[in-house]
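None of the figures in this text is laboratory data; all of them are computed from the coordinates on show. Because the structure is a prediction, the values reported are computed rather than measured. FYI the Cβ positions are ideal-geometry reconstructions off the backbone, even for glycines, and counts take in every protein chain you see.
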Amino acid sequence: MAIERVELFTDGACSGNPGPGGWGVVLRYGDHEKELYGADAETTNNKMELTAVIEGLAALTRPMPQVRVFTDSTYVLKGITEWMRGWKRNGWMTSAKQPVKNAELWQRLDAECARHGDVQWEWVKGHAGHPGNERADKLACRGRDEAR
């Protein structure tokens, strides 16, 4: 029996930084797909990139043994794979002893990841024709446009 795996394609969009923004997610489980998006009237691109992943993971109705997250955000990728361990060890402070920006979102992302087995992270180049990323981008832009 194959391991159950979900794929999440995520993206965020923002007009101005800060400004109106949106996030988008394409969830794929076997032959099933679901699209999600949302908006915020006053936000940043980094917040929308994080929110996309958080909302995608939160939408999973049960813990999954394997989740593969595709993101075009190096901020999200490096934050979760390189920086978070140190932030948590340092009480959500950076190595420069400054509060971590968007700490509440990072903490929510950490909690969502903990619900699942193996969460794998993959960076994809944005606006480069990757089908999942292009769909997530369209959803994020829809949210951003609705926030305007």
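Structural remarks
- No other residue among Ala140, Ala128, Ala52 is out of contact with any Leu (no Cβ under 8 Å at 6 or more places or on another chain) and assigned to a loop (DSSP other than H, G, I, E, B) apart from Ala128.
- If you go through the range 10-49 and pick out every residue that is in a helix (DSSP H, G or I), in contact (Cβ under 8 Å) with a residue 60 or more places away in the chain and not aliphatic (A, V, I, L, M), you end up with 0.
- In the range 79-115, the residues that are out of contact with any strand residue (DSSP E or B) (no Cβ under 7 Å at 6 or more places or on another chain), part of a loop (DSSP other than H, G, I, E, B) and not basic (Lys, Arg): Asn90, Gly91, Thr94, Ser95, Ala96, Gln98, Asn102
- Any hit, the range 64-78, residues being free of Cβ contacts under 8 Å to residues at least 12 places away in the same chain and part of a helix (DSSP H, G or I): yes
- Residue among Leu57, Leu77 that is hydrophobic (A, V, I, L, M, F, W, C), under 24 Å from Tyr37 (Cβ atoms) and touching a helix residue (DSSP H, G or I) at 6+ places or on another chain (Cβ under 8 Å): Leu57
- Scanning the range 1-54 for residues that are small (Gly, Ala, Ser) and surrounded by fewer than 24 Cβ atoms within 10 Å (Cβ to Cβ) yields Ala2, Ser15, Gly16, Gly19, Gly30, Gly38, Ala39, Ala41.
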